[in-house]
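Right, one structure below, let's go through it.
The values are calculated or read from the model by the stated rules, or taken from the named source; none is laboratory data. Here the structure is a predicted model, which means the values were calculated and not measured. Cβ: placed from backbone, ideal geometry, glycine included. Neighbour counts: every protein chain shown.
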Amino acid sequence: MSSPILVPLNQTTLLFLPSSDFQTGTVVQVYIRPARDTTVETLAAFYLAQDEISGLILRLVASLSPSLSSPLSIEIDGPTYSLRADRKKWKIAQHLKLKWGEETVSPASHKWVFTFAPKTGGGNPGRLRQG
C-alpha cells in the first residue's frame, strides 16, 4: 500500500493532522536530511524507499505527536536504510497563523527531523529503538 503523501529529502514539509472530531487540527513540520553528503547513491536509495519511509513518518508523527511533551529520538532499521527521528522544539510555531479552509489550525509546539542513511547490505526490517 502506498503512502498518500511522499515526504521529500532535503525539503521542509508541513503535515496537517486532523483531530478526531475533524473540527480542528494540528500542523507538524517534518524534514528529512541525509546522514552524509547527498550522492547519487543516496538519492537512488531514498527514491526506492521513499514510499515506505513516508508511510512510516506519517504513522509515527500522527501517533506520537499529541501524546508526548518531551524531546524524543527513535531509530528505525529498515531493510535498505536506517532512519533516525528526532523530535525538537519548533521555535517559530508560536508565530504562525495557519488555516485549513476557513478553520484555524494550531501549529504543533515541536517538529520532527529525520536523518536518512542508506545501507550497503541487508538490514533487519521493522526494528525500532526509542531513545
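Data for the structure
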quantity	calculated
Boolean, Leu60 is at pLDDT below 90 and within 16 Å of the chain's Cα centre (by Cα)	yes
Matching residues, segment 26-47, being among the basic types (Lys, Arg) and at pLDDT 95 or above	Arg33
Residues of segment 28-40 that turn out to be over 12 Å from the mean Cα position of the chain (by Cα) and either surrounded by 14 or more Cβ atoms within 10 Å (Cβ to Cβ) or not basic (Lys, Arg) (or both), as a count	6
Qualifying residue in segment 37-57 (condition: farther than 19 Å from Arg84 by Cβ, in contact with a Gly (Cβ under 6 Å, 6 or more places away or on another chain) and of a type outside the set (Ser, Thr, Tyr))	no
Strands (runs of 3 or more DSSP E) wholly inside segment 41-116 containing at least 2 residues that are surrounded by 14 or more Cβ atoms within 10 Å (Cβ to Cβ) and in contact with a strand residue (DSSP E or B) (Cβ under 6 Å, 6 or more places away or on another chain)	73-77, 81-89
Pick from segment 23-43, criterion of a type outside the set (Val, Ile, Thr) and without any contact (Cβ under 8 Å) to a residue 40 or more places away in the chain, ranking: nearest to Ile5 (Cα to Cα)	Leu43
